[in-house]
2 protein chains.
Amino acid sequence: MALPRYQILEQTLESGIGSGRWRPGERLPSIRALCQEHSLAKVTVQHALQRLEARGLIEARERSGFFVSIPPREFDAPQQVSALDEPRPVSVSQIFQDIMTRSAAFDLLPDLLQDEVPAGIVQLNRSIGRALRRQRGSFQYYDEPAGNPALRHQLALRFVKRGWGAEASDFCITSGCQQALFLALMVTCQRGDVVAVEAPGFYGVLQLLEQLGLKAVEIPASPATGMDLSALEQTLASWNVKACVVSPSYATPTGALMPPEARQHLLELAERHDLAVIEDDIYGESGWLSVPDTLKAMDASERVIHCSSFSKMLSRDLRLGWVCGGRWHKDIVQLKLTSQLAGSRFVQEGVAEFCADGGYAAFLKQHRQRLQLQRNQLLDELALWGTTLRATAPQGGLALWAELPKHVDTLALYGRALEAGIVITPGNLFSVSGQFSNCLRISFAHPWNEQRLTALAKLSQLVC
Amino acid sequence: MALPRYQILEQTLESGIGSGRWRPGERLPSIRALCQEHSLAKVTVQHALQRLEARGLIEARERSGFFVSIPPREFDAPQQVSALDEPRPVSVSQIFQDIMTRSAAFDLLPDLLQDEVPAGIVQLNRSIGRALRRQRGSFQYYDEPAGNPALRHQLALRFVKRGWGAEASDFCITSGCQQALFLALMVTCQRGDVVAVEAPGFYGVLQLLEQLGLKAVEIPASPATGMDLSALEQTLASWNVKACVVSPSYATPTGALMPPEARQHLLELAERHDLAVIEDDIYGESGWLSVPDTLKAMDASERVIHCSSFSKMLSRDLRLGWVCGGRWHKDIVQLKLTSQLAGSRFVQEGVAEFCADGGYAAFLKQHRQRLQLQRNQLLDELALWGTTLRATAPQGGLALWAELPKHVDTLALYGRALEAGIVITPGNLFSVSGQFSNCLRISFAHPWNEQRLTALAKLSQLVC
């Protein structure tokens, strides 16, 4: 049986790419040119191109056409894994707190404000402006405690695509993901309780544990697949653990993606040991090859508390996140009410409109492409460093995890870099036990313009 | 020596008002007419009118001229005072929580959105819109932990007028006053600690104490002058009290204003017993006869934590408050950072611009007049109720405190009113010890349009 026409074209283009007729980064002929050359309908050509794009062989760039993908450079994976640990109180030093505050921007040069605002952000801001003008008398009233229903409805729609039959009533809007994590820990734990965390894992969680007087027990996490479930199992057998904070999709700092079987295993352990599972999904929608289902989607017993926000994927200045608290949801809404009353209705309405108009989906698509491109550029740059390094090559998130030679002390490097105006995130921030001192989280969240490339080159000099 | 011309006119008008030539509520002749009748310059007439206005004899109404003030009706002051109590854990029932959520709007008819937006709010919204459009790359960065410096500078300027040489660095911006109170209690107290509160006092504080596992000890508060300092002294001698939450200026629910000597006494007691004094100043700027200095202005030893917000005086939808933490300020900023990272920069910038442009000061002036008018109307309406009642006549705030005959159970009344679509705030919400069951907080925060007047009349039927 003859192949369909689009498949014939797909193969032709693929072998052209393979033979070097079009090299990595080169532009393919336009759709119109391909139609003419192969005597095909536009829809057929588009179909072939879409299939190649889905396979990662080519990339669409807005208003410029299709380009042959540049295979990302690969490094050996970082090898250093955390040792099994015992629960310990968390005490984050002042220097670490300073670094964390600076590192939240995910930028080597946080003072370098981007001049160009993506069209999606302009559209979002217009939606918020419209909501503000529509406001009428509502400036005299507080929003409802769980947050704006229209926004919660939009969130529910998004999560249906990620395997979870969510409803608006499952969501409570928060001032960002950090507040969601705070509320989740406040309602599930009491001072002195033990919480299992990933090592390396998000330092913001460690700060929360310190503030709330909770103890951390670190579970080794693989840079590729996240939390080591057999280590977790061992820990749960030894200690009375109350909750587990986990970031299954493109976790910071490594960008690890936890496979479905591991997720299932995690929930089984949670069931057996009566754990609250706090899912930090803030990078979940960033994946450019796939947007994984949420852990919450597998949660049959309402023990997963899903936390996330619009900060990483849309705007950090919205201060809009959400928490789906499962069996603790009512307590979470109550605590949010007591500790803050409500959020800004007009901001939520603006974002809800932006989602309903399709603006957010379109922005996300472009943003993922930007992140992929920026990640590839970073990997290319790291290959020029005059030292051996290992690095993760995440398929989502905003940063990768680099392992430098053992003798490198990235905390000392932080001080030297800061003198040169460069902000880095040293590895020991991601653990309470002083591990990962030769590791770095390196961000690809921002465009690699000349200033950032210069900063990165300067950094490589400081390392070597 | 002859009196200046403006004083002659002032006396003429005053005696005209006294003799009934112009009756309460009646419009005075226009400035132009007065100029012609008395052969005076416009500036002289204006001076006379301003003096009469300052003395409360007449009121300016925007674009309508000057009107003879209507002397507010007076009721006997409520008599019921709280008994001295011992510390007790707080447990707010679900029904109370529902009432509190509804009562936050300070409206008998919270579903009745006002159609007309005051010019000041339109101007504020424009400022926020401009800040949003100016935003450029900052959507990718978090605001600094203590909040926007321009807004903190504006706040400091405001407080200089209230007796306190504040600086921008004294402030930490929060998501409203409730979050400010939450942070203040989190950093000064630990689970099980005893906190002194006013009775009757703000129920939001009682909810916070419950959430944080703190014990309340109620200090009787006079409807006129606030917390009874000798009762506080007695309590401090008997119990180990960690903090005291106090609302010295136009406290909810009574609208009491604590005299300067009592404030001084409070701070002396705080010093002697090493108390943290948490000042809830949310109604401080609402006073139409005077805007009292803050308690913080008298604080020589950095033990007053000043908490407030723009919610009551400007817009509840901004979610913008602040906390000045004194000796605990650094801890408060750190806790805010850990639990929420930051606030929305564009909202803060918009409000800062609105303040700097003089928009906020102008709005406040009008808003105070509106509140005074609405309070007077409410007192008039209450005089028509077919029952004896006692009521406070506050000079600021958004509500008065009414004491109904002993047999009236306002909690039962709440249910009956709700069936009629009317939201009231029963007295027992303002105490943890079941007191004030025949009292009501009645709001004058919203214009007395026909619907609200009808609701108030309906309520009087339900009471009698």
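Can you give me the Cα centroid spacing of the range A:416-446 and the range A:84-114 in angstrom?
8
Heavy atoms of the protein only, probe of 1.4 Å, neighbouring chains included. What is the accessible area of A:Phe106 in Å², nearest 10?
10
Relative contact order, percent, of the range A:37-144 when contacts are C-alpha pairs under 8 Å separated by at least 6 residues? Present the calculation step by step, with values, prior to reporting the outcome.
Values: 20 pairs, mean separation 9.0, N = 108.
Here the relative contact order equals 8 percent.
In chain A, what percentage of the DSSP-assigned beta bridges are antiparallel, given to the nearest 5?
Values: 26 of 43 bridges.
That works out to approximately 60 percent antiparallel.
Just to be sure I understand: of the beta bridges DSSP finds with both ends in the range A:152-276, what percent are antiparallel, rounded to 5?
On the way: 3 of 13 bridges.
Antiparallel: roughly 25 percent of the beta bridges in the range A:152-276.
Tell me, what ³J(HN,Hα) does each residue in the range B:320-336 have, in order and in whole Hz, if you take phi through Karplus 6.51 cos²θ - 1.76 cosθ + 1.60 with θ = phi - 60° and put x for Gly and Pro?
10, x, 7, 9, 10, x, x, 5, 9, 4, 4, 4, 5, 4, 4, 5, 4
How big is the antiparallel share of DSSP beta bridges in the protein assembly as shown, given as a percent to the nearest 5?
Values: 52 of 86 bridges.
Of the beta bridges lying entirely in the protein assembly as shown, close to 60 percent run antiparallel.
Report B:Glu271's accessible area, 1.4 Å probe, all protein chains in place, as a number in Å² to the nearest 10.
The value for B:Glu271 is about 90 Å².
Ordering B:Thr338, A:Thr454, A:Thr388 from largest to smallest accessible area (1.4 angstrom probe), what's the sequence? Please list the in-between numbers first.
Details: B:Thr338 0, A:Thr454 85, A:Thr388 115 Å².
Sorted by accessible area, descending: A:Thr388, A:Thr454, B:Thr338.
Whole-Hz ³J(HN,Hα) for each residue in the range A:143-149, computed from phi via Karplus 6.51 cos²θ - 1.76 cosθ + 1.60 with θ = phi - 60°, x for glycine and proline: what do you get?
Karplus-based 3J(HN,Hα) across the range A:143-149 equals 5, 6, x, 7, x, 4, x Hz.
Working only with C-alpha atoms, what are the Rg and Dmax values of the range B:231-376, expressed in angstrom?
17.0, 51
Under a Cβ-Cβ cut-off of 15 Å, what is the net charge of the residues other than B:Ile282 that fall near it, where Lys and Arg count +1 and Asp and Glu count -1?
Working: positive: B:Arg158, B:Arg162, B:Lys296, B:Lys312, B:Arg316, B:Arg319, B:Arg368, B:Arg441; negative: B:Glu198, B:Glu279, B:Asp280, B:Asp281, B:Glu285.
Within the 15 Å Cβ shell, the charges total +3.
Please tell me the relative contact order of the range A:221-330 in percent, rounded to the nearest whole number, where contacts are Cα pairs under 8 Å and at least six residues apart. It would help to have the intermediate numbers written out before the result.
Numbers: 162 pairs, mean separation 23.3, N = 110.
Computed value for the range A:221-330: 21 percent relative contact order.
Pop out the Kirkwood hydrodynamic radius of the protein assembly as shown from its pairwise C-alpha distances, inverse of mean 1/r, in Å to one decimal.
On the way: mean 1/r = 0.0328 Å⁻¹.
Every distinct Cα pair counted, the radius reaches 30.5 Å.
At B:Arg130, label 7 Å along Cα→Cβ: distances to the other copies, nm, ascending?
Distances to the matching label points in the other copies: 2.4 nm.
Please report the residue of chain A with the smallest beta-carbon distance to the A-to-B rotation axis, and give that distance in Å, no decimals.
Measuring from each Cβ to the axis, the minimum is at A:Gly129, 2.
For A:Met227, which sequence-distant residues (separation of 5 or more, or a different chain) have an amide H within less than 5 Å of its own amide H, given hydrogens modelled in the peptide plane?
A:Ser222
Suppose all protein chains stay in the model; what accessible area per residue would a 1.4 Å probe give for chain A, in Å²?
Values: 18060 Å² over 464 residues.
Roughly 39 Å² per residue, with all protein chains present.
Check which residues have an amide H placed less than 5 Å from A:Gly287's amide H, if you skip close sequence neighbours.
HN-HN under 5 Å from A:Gly287: A:Gly397.
Counting only protein chains, not ligands or nucleic acids, how are A:His407, B:His306, B:His47, A:His153 ordered by accessible area (probe 1.4 Å), most first? Mind showing how you got there, number by number?
On the way: A:His407 150, B:His306 0, B:His47 70, A:His153 95 Å².
The ranking, largest first, comes out as A:His407, A:His153, B:His47, B:His306.
List the residues of the range B:73-116 for which accessible area in the full set of protein chains is at least 30 Å² lower than for the chain on its own; 1.4 Å probe, protein heavy atoms only.
When all protein chains are present, B:Gln97, B:Thr101, B:Ala104, B:Leu113, B:Gln114, B:Asp115 each give up 30 Å² or more of accessible surface.
Evaluate the distance, in nm, between pseudo-label points positioned 7 Å from the Cα of A:Glu268 and of A:Arg134 along their respective Cα→Cβ axes.
Each label point lies 7 Å from its Cα, and together they span 4.8 nm.
Over the residues of chain A, compute the C-alpha Rg and express it relative to 2.2 N^0.38 Å.
Numbers: Rg = 23.2 Å, N = 464, 2.2 N^0.38 = 22.7 Å.
Computed over Cα atoms of chain A, the ratio equals 1.02.
How much mean residue ellipticity at 222 nm does chain A get from its helices, if each DSSP H run of length 4 or more adds -39500 (n - 2.57) and you divide by all residues, to the nearest 500 deg cm²/dmol?
Values: 15 runs with 190 residues, N = 464.
Here the helix-only value at 222 nm equals -13000 deg cm²/dmol.
If you count only protein heavy atoms and use a 1.4 Å probe, how large is the accessible surface of A:Glu403, to the nearest 10 Å²?
Solvent-accessible area, nearest 10 Å²: 20 Å².
Report the accessible surface area buried between chains B and A, summing both sides, using a 1.4 Å probe on protein heavy atoms only, in Å² rounded to the nearest 100. Write out the running numbers ahead of the final one.
Details: alone 20870 and 20850 Å², together 36140 Å².
That pair of chains buries around 5600 Å² in total.
Can you send over the carbon and sulfur percentage of the accessible area for the protein assembly as shown, probe radius 1.4 Å, protein chains only? Before the final figure, lay out the partial values.
Numbers: 18080 of 36140 Å².
For the protein assembly as shown, the apolar C and S fraction of the accessible surface comes to 50 percent.
For B:Leu109, which sequence-distant residues (separation of 5 or more, or a different chain) have an amide H within less than 5 Å of its own amide H, given hydrogens modelled in the peptide plane?
Placed amide hydrogens put B:Val423 under 5 Å from B:Leu109.
Among A:Arg370, A:Arg126, A:Arg63, what's the order by accessible area (1.4 angstrom probe), most exposed first?
Working: A:Arg370 75, A:Arg126 145, A:Arg63 220 Å².
If we order A:Arg370, A:Arg126, A:Arg63 from most to least accessible, we get A:Arg63, A:Arg126, A:Arg370.
Using alpha carbon centroids, what distance separates the range B:1-75 and the range A:259-338, in Å?
Spelled out, the Cα-based centre of one part sits 65 Å from the other.
Please give me the summed charge of the neighbours of A:Leu181: other residues whose Cβ is under 12 Å from its Cβ, Lys and Arg +1, Asp and Glu -1. Don't jump to the answer; show the numbers that get you there.
Values: positive: none; negative: A:Glu279, A:Asp280, A:Asp281.
In short, -3.
Tabulate in residue order the Karplus-calculated ³J(HN,Hα) for the range B:385-400, using 6.51 cos²θ - 1.76 cosθ + 1.60 with θ = phi - 60°, rounded to whole Hz; enter x for Gly and Pro.
My calculation for the range B:385-400 gives 5, x, 8, 6, 9, 10, 8, 7, 10, x, 9, x, x, 10, 7, 10 Hz in order.
Taking A:Ala60 in one copy and the same position in all the others, each labelled 7 Å out along Cα→Cβ, what are the pairwise distances from the first, in nm, shortest first?
6.1
With a Förster radius of 22 Å, plug the Cβ-Cβ distance of B:Ile70 and B:Ser19 into 1/(1 + (r/R0)^6) and report the FRET value to the nearest 0.05.
So, using R0 = 22 Å, E works out to roughly 0.85.
Which whole-number percent gives the relative contact order of the range A:137-252, counting Cα pairs below 8 Å spaced six or more residues apart?
On the way: 126 pairs, mean separation 25.9, N = 116.
Answer for the range A:137-252 is 22 percent.
Taking each label point as 7 Å beyond Cα in the direction of the beta carbon, state the distances from B:Trp239 to the same residue in the other copies, shortest first, in nm.
Relative to the other copies, B:Trp239 has label-point distances of 3.7 nm.
Taking the simple approach of a point 7 Å from Cα along Cα-to-Cβ for both B:Asp380 and B:Glu144, what is their distance in nm?
It works out to 5.0 nm between the two label points.
Given a Förster radius of 60 Å and the C-beta distance between B:Arg63 and B:Ser301 as r, what FRET efficiency does 1/(1 + (r/R0)^6) yield to the nearest 0.05? Numbers along the way, then the final one.
On the way: r = 49 Å, r/R0 = 0.82.
The value I calculate is 0.75.
The values are calculated or read from the model by the stated rules, or taken from the named source; none is laboratory data. A quick note: this is a predicted structure, and the numbers were derived from the prediction, not measured. All Cβ positions, even for glycine, are placed from backbone atoms using ideal geometry, and neighbour counts span all protein chains on display. All accessible areas refer to the heavy atoms of the entire protein, side chains included, with ligands and DNA or RNA removed. Shrake-Rupley method; radii C 1.70, N 1.55, O 1.52, S 1.80 Å.
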